[in-house]
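Input: a single structure, listed below in structure tokens.
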Amino acid sequence: MNVLVINAGSSSLKYQLFDMKNESVVAKGICERIGIDGRLKHEPMNGKPTVKEEINLPTHAEAINTVIEKLTSKEYGVIESLDEIAAVGHRVLHGGQKFSKSVLIDEDVIQAITDCIPLGPLHNPANLMGIKACQKIMPNKPQVAVFDTAFHQSMPEYAYIYPIPYRYYEQYGLRRYGFHGTSHRYISGAALEYLGIPVEGSKLITCHLGNGSSIAAIKDGKCIDTTMGLTPLEGLPMGTRSGSIDPTILSYIADLDGLSMNQVIEMLNKESGVLGISGVSSDFRDIEDAAAEGNHRAQLALDIFSYNVKKYIGAYMAAMGGVDAIIFTAGVGENGPLTREAVTRGLEDLGITIDLELNDFKGKFRDISGKDSKVRVLVVPTNEELVIARDTRDIVSLGN
Ligand code: ADP
């Protein structure tokens, strides 16, 4: 069974075609600058050449058309015809309180995703464009929605209710939702499989550290808390996002610089985090290079980032009454030995050590626990697309 996985952004559309016989990727690519002019990169995995094209892509429908055309073409194709795609799985940012797992898309689901637009104003409309484009071009194919928020729906009330007047939750759904759920779910599942411990009674802390970063506390295989909130702005400092700060800073800056509240939020999303502190870059590689050359603010940005990761690890150990394993993933988590070292340094008394030699690597599954570490420390490359493909296969095969 082949499953097409779609991740639609406002002007981009990423895709991967999976052969679920062996869960392999047979082709992948990206359409960019949709609605502006249009650009495509398509990579077949069967030995045929990668193709990059400037191509007119006025809407997501043309983008999907182009993807199908490439997937089935003689020169760059991996399948004979559209018939060989059994189903389509879509990444959807916000499922609100309605979705705690992936679902087959029908009119009600489309309405529910539409209802969540106020909670995910940038992503949900784009995700809907991807879904509607696929429905138009492949009207008879089952389509599945996989939500970034779904895995976090198991959080208890005391973890997701904000201490503000309760009516904002009741009337408008203002609460912690959490994001990167598909990634936290994948790496926690892979870690449990590797550790060979029963799901019941297990306590994991998953650290998704990339350009966007979040941490989750996962007890008995279920998320009980996570750092991102109503939106992805809360929690850790990130590449360009501030993470949690005193909310009074917003009105202070608005007054100081004569900015609207929306402009301040934009600044907190796009000009803050390690970029804002270092003034160098949002990319950890650039910041690490600058710090190595003695740039104080670059070092400070790295220190603030790893200090905050460490703080949340401590908080979640307390929340769960201990931890069996800490798992690192995403761009920095997988490829940043310096960050992993800084985060775990000084935690010996909590039973956490890493082996510095084992830690000195990038980008593979690895157990980096120190010999005497009571807590296992793992690096698990995330694979959100595979989760989407698996959910899609399961939902379509079970027919519900
Ligand atoms: P996104 O949130 O956009 O999916 P990623 O998970 O791809 O982000 O992470 C991107 C970040 O990972 C980059 O900004 C960079 O800081 C970091 N990164 C990637 N490769 C390395 C590396 N080899 N060493 C250190 N940091 C890296």
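Quick check on the stretch 40-56: of everything there that is under 26 Å from the mean Cα position of the chain (by Cα) and closer than 21 Å to residue 129 by Cβ, which residue is most open to solvent (accessible area, probe 1.4 Å)? Going through the qualifying residues, I end up with 41.
Taking into account only those residues within the stretch 253-270 that are away from the ligand (no atom under 15 Å from the Cβ) and out of contact with any helix residue (DSSP H, G or I) (no Cβ under 9 Å at 6 or more places or on another chain), which is least open to solvent (accessible area, probe 1.4 Å)?
The qualifying residue least open to solvent (accessible area, probe 1.4 Å) is 258.
For the stretch 10-30, give me each residue that is open to solvent by less than 30 Å² (accessible area, probe 1.4 Å) and more than 14 Å from residue 384 (Cβ to Cβ).
Within the stretch 10-30, 13, 17, 19, 20, 27, 29 meet the criteria.
With respect to being in a helix (DSSP H, G or I) and crowded, with 19+ Cβ neighbours inside 10 Å, residue 63 fits the description.
Hey, does the stretch 271-285 have a residue that's of a type in the set (Asp, Glu), over 28 Å from residue 93 (Cα atoms), open to solvent by 10 Å² or more (accessible area, probe 1.4 Å) and within 16 Å of the ligand (Cβ to nearest atom)? Looking for residues that are of a type in the set (Asp, Glu), over 28 Å from residue 93 (Cα atoms), open to solvent by 10 Å² or more (accessible area, probe 1.4 Å) and within 16 Å of the ligand (Cβ to nearest atom), one finds none in the stretch 271-285, hence no. In the set 376, 366, 345, 393, only one residue is open to solvent by 50 Å² or more (accessible area, probe 1.4 Å) and closer than 20 Å to residue 182 by Cα; that residue is 393.
Output the residues belonging to the stretch 139-152 that are touching a Phe, Trp or Tyr at 6+ places or on another chain (Cβ under 8 Å) and without any contact (Cβ under 8 Å) to a residue 60 or more places away in the chain. Write out each step before concluding.
Let us first name the residues in the stretch 139-152 that are touching a Phe, Trp or Tyr at 6+ places or on another chain (Cβ under 8 Å), namely 145, 147-150, 152.
Of everything in the stretch 139-152, those that are touching a Phe, Trp or Tyr at 6+ places or on another chain (Cβ under 8 Å) and without any contact (Cβ under 8 Å) to a residue 60 or more places away in the chain turn out to be 145, 147, 148, 149, 150.
Just checking, does the stretch 312-328 include any residue being more than 20 Å from residue 244 (Cα to Cα), within 15 Å of the ligand (Cβ to nearest atom) and not in a strand (DSSP E or B)? No, because not a single residue in the stretch 312-328 is more than 20 Å from residue 244 (Cα to Cα), within 15 Å of the ligand (Cβ to nearest atom) and not in a strand (DSSP E or B).
Going through (1) open to solvent by less than 10 Å² (accessible area, probe 1.4 Å); (2) assigned to a loop (DSSP other than H, G, I, E, B) one by one, residue 139 falls short only on (1). Among the residues of the stretch 207-225, those that are more than 15 Å from the ligand (Cβ to nearest atom) and either of a type in the set (Val, Ile, Thr) or more than 22 Å from residue 342 (Cα to Cα) (or both) comprise 218, 219, 220, 221, 222, 223, 224, 225. Among the residues of the stretch 63-89, the one identified as free of Cβ contacts under 8 Å to residues at least 40 places away in the same chain and within 28 Å of the chain's Cα centre (by Cα) is 66. The residues of the stretch 184-199 that are within 14 Å of the chain's Cα centre (by Cα), closer than 12 Å to residue 222 by Cβ and open to solvent by 20 Å² or more (accessible area, probe 1.4 Å) amount to a single one, 185. Whether a residue is open to solvent by less than 30 Å² (accessible area, probe 1.4 Å) and in contact (Cβ under 8 Å) with a residue 12 or more places away in the chain was assessed, and residue 382 does not pass this test.
For the stretch 354-363, the set of residues classified as within 16 Å of the ligand (Cβ to nearest atom) and either among the hydrophobic types (A, V, I, L, M, F, W, C) or open to solvent by 30 Å² or more (accessible area, probe 1.4 Å) (or both) consists of 360, 361, 362, 363, listed by residue number.
Residues satisfying the criterion are absent from the stretch 157-176 (criterion: open to solvent by less than 10 Å² (accessible area, probe 1.4 Å), of a type outside the set (S, T, N, Q) and part of a helix (DSSP H, G or I)).
Here is a yes/no grid of residues against (1) out of contact with any helix residue (DSSP H, G or I) (no Cβ under 8 Å at 6 or more places or on another chain); (2) modelled with pLDDT under 95:
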| position | (1), (2) |
| --- | --- |
| 166 | yes, no |
| 178 | no, no |
| 232 | yes, yes |
| 239 | no, no |
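Within the stretch 329-353, the set of residues being away from the ligand (no atom under 13 Å from the Cβ) and more than 18 Å from residue 202 (Cβ to Cβ) comprises 343, 344, 345, 346, 347, 348, 349, 353.
Give me the residue from the stretch 82-129 that is hydrophobic (A, V, I, L, M, F, W, C) and assigned to a helix (DSSP H, G or I) and, out of that set, farthest from residue 149 (Cα to Cα). Checking each candidate, the answer is 82.
The values are calculated or read from the model by the stated rules, or taken from the named source; none is laboratory data. Just so it is clear, the model here is predicted, and its values are computed rather than measured. Every residue, glycine among them, receives a Cβ derived from its backbone with ideal geometry; neighbour counts consider all protein chains shown. Each accessible area value is taken on the protein alone, full model and side chains, heavy atoms only, with ligands, DNA and RNA left out. Shrake-Rupley method; radii C 1.70, N 1.55, O 1.52, S 1.80 Å.
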